Amino acid sequence: MWKYILKRVAWLLLVLVGTAFVIFTVMYFVPGDPADIALPASATFEERQAFRNELGLNDSYMVQLGRYLYKTFIKLDFGTSWTYNVPVMQELFSRMPRTFMLSLITIVLGAVIGIPLGIYAALHQNRWQDHTMMVLAMVGVSMPEFWLALMLVILFCLRLQWLPAFGIGSVANWVLPVITGTVAGIAKNARQMRSSTLETVRSDYISTARAKGVPERSVIYKHMLPNALIPIINIIGAQFGKSIGGTVVLESVFTFPGVGLFLLNSINTRDLPAIRSSVLILAFFTAVVMLIVDIIYACIDPRIKAQYVASGKGRRKA
Amino acid sequence: MDKAMKTGRYKRKWSERSMFAQVMKRLAKNKAAMLGLILLLCIAIVAIFAPWIAPYSPTEMDLMSMYAAPSAKHWFGCDEVGRDILSRLIYGARYSLSIGLIADVVSQVIGVLIGTAIGYKGGKVDMIGMRIVDIWASIPSTLLAILISTTLGAGYVNTIIAMLISNVPGGIRSTRAMCLKEREMDYLEAARSINASKMRIMYKHMVPNIISPTIVGTTMGVGNTIISVAGLAYIGLGIQPPTPEWGAMLAAGRDFIRKYPHMIIFPGIAIALTVLSLNLFGDGLRDALDPKMKD
C-alpha cells in the first residue's frame with residue numbers, strides 16, 4: 001500500500017513538471033510584446049530592450065523553458081507579476097485558500113445533500129418523489145453556472161437586497177458563490193447516486209440478503225449503500241477538477257478575490273508569470289485532490305486493493 | 001407456427017429487424033427523450049432558417065427602442081443599442097449548436113481512434129500514451145480552454161480548436177478504459193485466430209462494441225461544450241460581442257443587470273433549454289441502448 005502511494009506521489013511530481021512545460025509552451029505563443037505590457041507607453045526603445053534582457057526574453061525558447069522550470073521547481077520562485085510588481089507567490093498565498101475553501105465547501109455540500117437525495121429517489125423509483133427530483137436535477141445540470149449566479153444576484157442582491165453582490169470579508173459574501181457552486185453538484189450527485197443505487201438493487205447479494213430474512217433497513221444501510229457509494233467517490237474527485245476550473249468564471253461573476261479572478265485579470269493584461277503560476281497552482285491542487293480520492297478509493301474497495309497489492313505492479317489508471 | 005412462416009414468406013416486423021430498429025423503438029417510447037429530441041429539432045430548425053424566422057435583423061440598431069422591455073413588438077426586449085434580443089438569440093443558436101457539435105463530435109472521433117489504438121495495443125504504447133494523456137489532462141479542461149483561447153485569440157474557429165484540445169484527453173481515457181475490458185472478450189480472440197489484421201480487429205470489431213456509450217457521451221458532451229463556450233465568451237475569450245453568441249450576449253448584458261435584467265435572463269434560458277434538450281435526449285438514448293439499466 002505504501003509503495004503504491006509513494007509511486008503515485010512521485011508520478012504526480014513528474015506530471016506537474018509536464019504540466020508546467022505545457023503551460024509554458026502554450027503561453028510562449030501568446031501574441032504581444034511583454035515589454036509593451038509591463039512598461040508604460042512612454043518607455044524608450046532602450047528601456048524596453050533593457051527590460052527584455054533582464055527577463056531573458058531575447059533568449060531562445062529552450063533556454064527560457066529551462067530557466068522557467070529551474071526557477072519554478074528548484075528554487076520555488078514563481079516570478080514577479082508584470083502588472084502588479086509583487087511576487088506572484090505572495091499573491092497566490094493569500095488567494096489560494098479562498099479558492100480552495102470555496103471548492104471544498106461546494107463539493108462537500110453537494111455530496112452531503114446530493115447523495116441522500118439520490119438514494120431517496122432510487123428507493124422511490126418511478127413514484128412522484130423520484131420524478132420530481134430527477135426533473136429538478138436535470139434542470140440543475142443543464143443550467144450554466146455563471147447564469148445561475150447572475151440570476152441569484154438579480155434576486156438576492158438587487159431585488160431583495162439581502163446579500164452583497166461582490167467582494168469578500170463577511171460570511172454573507174460566501175453565501176451566493178457557495179449556493180451557485182452547490183446546485184450543480186447536488187444535481188449531479190443525486191443523478192449518479194440514484195443510478196448507482198438502482199444498479200446495486202439488482203445485485204445477487206441483495207437478493208441473498210433479502211432471502212435470508214435480513215430486515216429491509218439493514219439491507220439498505222449495510223448491503224446496498226456501501227456498494228452504491230463506491231463509484232460516487234470517483235465522481236466527486238472528478239468534480240473537484242471541474243469546480244477548480246469553473247471557479248474562474250464563478251469568481252468573475254462575484255468578483256470573489258480568489259486565484260480564478262487573479263488568473264482572469266492576468267489574462268486581460270497578458271501578465272505571463274501570473275498566468276503560468278496560477279494555472280500551475282490550480283492544476284497542482286486538482287492533482288493532489290484526485291490523488292487523495294484515488295487512494296481513498298483503493299482503500300475502500302477491496303477489489304481494487306487486491307489488484308495492485310497482489311501484482312505489485314501498481315494499479316493502472318483507468 | 002403460423003401459415004406465413006411455413007410458406008417462407010414470413011415478413012418480420014420492422015421493429016424485429018435490427019439492433020438499430022429496436023433501439024429506436026425503445027427510444028420512441030421514452031417521453032422525456034422524445035421531448036428532448038423535439039426541442040432539439042426545433043432549436044436546430046430555428047438555427048438553420050434563422051433569416052426567415054427572426055423578426056428583425058440581429059445587428060440592426062434601433063435607437064428608439066434602446067433597453068426596451070419585453071413587449072408585443074419585441075418579445076424578449078431590446079439590448080443597449082436597440083437590437084431585438086429574440087432575433088439575436090435565434091441567430092445565436094447557430095453559433096452555439098455548430099460549435100458544440102463540431103468540437104464535440106471531432107474530439108470524440110479523435111478520442112476513439114487514439115483510445116482504441118492504445119487500449120488494444122497495450123504494453124509500452126499504452127503506458128507512454130496514457131502518461132501523455134495524464135499530463136495533457138492535468139490542467140482542468142476549462143482552464144486549458146481558457147489558456148488556449150488566450151494564445152489563439154478570439155473567434156469562431158479558434159474557439160472550436162480550444163474546445164477540441166481540451167476535450168480530447170477525456171475521450172481517449174474513456175475509450176481506452178472500455179477497450180481494456182473488450183480486449184479479453186472471446187469475439188476478439190476469434191478474430192485474432194482467423195488472422196484478421198490489427199486494423200480490422202480494432203476498427204471493425206472493437207469500435208462497434210464500444211460505440212454506444214461513446215454516442216451517449218457525445219450527446220451529453222455537446223451540452224457541456226455549449227456551456228463551456230458560453231462561459232469562455234462570458235469572460236471575454238472565445239466569441240466576442242457584437243456577434244450574437246449567447247455567452248457574449250450575457251457578457252454584454254452584465255453591465256445593465258441592475259436596470260434591465262431581461263438582457264441577461266433570456267440568453268441564459270436559451271442556453272439552459274438547449275443543454276436540457278441534449279441531456280434529456282442523451283439520457284433516453286442511454287436507456288435505449290442499454291435496456292438492462294431500466295426495467
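The values are calculated or read from the model by the stated rules, or taken from the named source; none is laboratory data. Because the structure is a prediction, the values reported are computed rather than measured. Positions of Cβ are backbone-derived with ideal geometry, glycine not excepted, and every protein chain shown enters the neighbour counts. The protein model used for the area step is the full one, side chains on, heavy atoms only, and it has no ligands, DNA or RNA in it. Shrake-Rupley method; radii C 1.70, N 1.55, O 1.52, S 1.80 Å.
In whole percent, what relative contact order does the stretch B:8-130 give with Cα contacts below 8 Å and a gap of six or more residues?
17 percent
For chain A, a simple Cβ point-charge model (Lys and Arg +1, Asp and Glu -1, everything else neutral) yields a dipole of about 1540 debye relative to the Cα centre. Using the Karplus relation 6.51 cos²θ - 1.76 cosθ + 1.60 with θ = phi - 60°, the per-residue 3J(HN,Hα) values for the stretch A:237-251 come to x, 5, 4, 4, x, 4, 6, 4, x, x, 4, 4, 5, 5, 5 Hz, with x marking Gly and Pro. Across the alpha-carbon atoms of the stretch B:2-289, the computed radius of gyration and Dmax are 23.4, 78 angstrom.
Evaluate E = 1/(1 + (r/R0)^6) for residue B:181 and residue A:125, where r is the Cβ-Cβ distance and R0 equals 22 Å; express this FRET efficiency to the nearest 0.05. Walk me through the intermediate numbers first.
Values: r = 28 Å, r/R0 = 1.25.
Once the sixth-power term is evaluated, E becomes 0.20.
Running a GNM on chain A with Cα contacts under 10 Å, which residue among A:274, A:50, A:38 ends up with the highest mean-square fluctuation? Largest GNM mean-square fluctuation: A:50. Among the residues of B:227-237, the average count of other protein chain beta-carbon atoms within 10 Å of the residue beta-carbon is 5.
Which whole number gives the average, over all residues in A:146-154, of C-beta atoms from other chains lying within 10 Å of the residue C-beta? Each step should come with its number before you reach the end.
Working: counts 10, 15, 2, 0, 9, 6, 0, 5, 5.
Shielding by partners across A:146-154 averages 6.
Binning the alpha carbon pair distances of the stretch A:51-184 at 10 angstrom intervals from zero yields the distribution 10, 24, 23, 19, 15, 7, 2, 0, expressed in whole percent. Based on alpha carbons, the Rg and Dmax found for the stretch B:15-151 are 22.6, 69 Å.
Round to the nearest 10 and give me the degree value, 0 to 90, for the angle of helix A:128-142's Cα axis relative to the longest principal axis of chain A. Between helix and principal axis, roughly 10 degrees.
Each chain gives up part of its surface: A and B jointly bury about 4200 Å² of accessible area, both sides summed, for a 1.4 Å probe.
Look at the alpha carbon pairs under 8 Å that are at least 6 residues apart: their mean separation over the length of chain A gives a relative contact order of 25 percent.
Derived scalar couplings between HN and Hα for the stretch A:158-164 equal 8, 7, 7, 6, 8, 10, x Hz in order, rounded to whole Hz, by the Karplus curve 6.51 cos²θ - 1.76 cosθ + 1.60 (θ = phi - 60°), x for Gly and Pro. Under a 5 Å amide H cut-off, with hydrogens placed 1.01 Å from N, residue B:68 pairs with B:78 among residues at least 5 apart or on other chains. Quick one: P(r) of chain A from all Cα-Cα pairs, 10 Å bins, percents rounded to integers, in order of increasing distance. For chain A, the binned pair fractions read 5, 20, 25, 23, 16, 7, 3, 1, 0 percent.
Seen from all sides and averaged, what is the projected area of the convex hull of the Cα atoms in the protein assembly as shown, in nm²?
Values: hull surface 146.6 nm².
Here the figure is 36.7 nm², rounded to one decimal.
Rounded to whole numbers, the Karplus 3J(HN,Hα) couplings from phi for the stretch A:11-17 are 5, 4, 5, 4, 4, 4, 4 Hz, using 6.51 cos²θ - 1.76 cosθ + 1.60 with θ = phi - 60°, and x at Gly and Pro. For the stretch A:96-271, the mean projected area of the C-alpha convex hull, equal to one quarter of the hull surface, is 12.0 nm².
Averaged per residue, what accessible area in Å² does the stretch A:96-271 show with a 1.4 Å probe, protein chains only?
Details: 7550 Å² over 176 residues.
Result: 43 Å² per residue.
Averaging Cα coordinates gives a centre for the stretch B:143-164 and one for the stretch A:250-298; these two points are 18 Å apart.
For the protein assembly as shown, with all protein chains in place and a probe radius of 1.4 Å, 66% of the accessible heavy-atom surface sits on carbon or sulfur. Shielding of peptide A:110-120 by partners, expressed as the average count of other chain Cβ atoms within 10 Å per residue Cβ, is 0. Database remark: amide H of residue A:78 closer than 5 angstrom to the amide H of A:89 (H placed geometrically; neighbours at sequence offset of 5 or more, or on other chains; Pro and chain starts carry no H). Remark on residue A:258: its backbone amide H falls under 5 Å from none of the residues 5 or more positions apart or on other chains, H modelled at 1.01 Å from N. With the simple model of a label 7 Å out from the Cα in the direction of the Cβ, residue A:201 to residue B:22 spans 2.4 nm.
Please work out the FRET efficiency for the pair residue B:198 and residue A:269, using the Cβ-Cβ distance as r and a Förster radius of 41 Å; give the result to the nearest 0.05.
In this case the efficiency is close to 0.20.
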